[in-house]
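Each remark here refers to the structure printed beneath this line.
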Amino acid sequence: MSRATCSMCGQQAETEEVPLTWGTSVENGRKLVYCDRCTRENVRNIEGKLDSVYW
Ligand SMILES: [Zn+2]
């Protein structure tokens, strides 16, 4: 059983499923998960990455 883990800070969710307050994004075919806090703090970065080239 693997719980959802934040790709940014490593925080683990209490369930396997990603909480609704968490955010997800797909980069290079890899699914990344961000906790509610990181989602809020990095929402601009995440959205910006969707349009930008890989770095
Ligand atoms: Zn986090």
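The values are calculated or read from the model by the stated rules, or taken from the named source; none is laboratory data. Here the structure is a predicted model, which means the values were calculated and not measured. Because the Cβ atoms are built from the backbone with ideal geometry, glycine has one as well, and the counts that use them run over all protein chains shown. Accessible surface is based on the protein model in full, side chains and every heavy atom, while ligands, DNA and RNA are left aside. Shrake-Rupley method; radii C 1.70, N 1.55, O 1.52, S 1.80 Å.
Numbers below:
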| read-out | value |
| --- | --- |
| Subset tally (residues that are among the hydrophobic types (A, V, I, L, M, F, W, C), in a loop (DSSP other than H, G, I, E, B) and open to solvent by less than 70 Å² (accessible area, probe 1.4 Å)) for the range 10-48 | 4 |
| Top-ranked residue of the range 14-30 - restricted to ones that are in contact with a strand residue (DSSP E or B) (Cβ under 9 Å, 6 or more places away or on another chain) and within 15 Å of the ligand (Cβ to nearest atom), ranked as modelled with the lowest pLDDT | Ser25 |
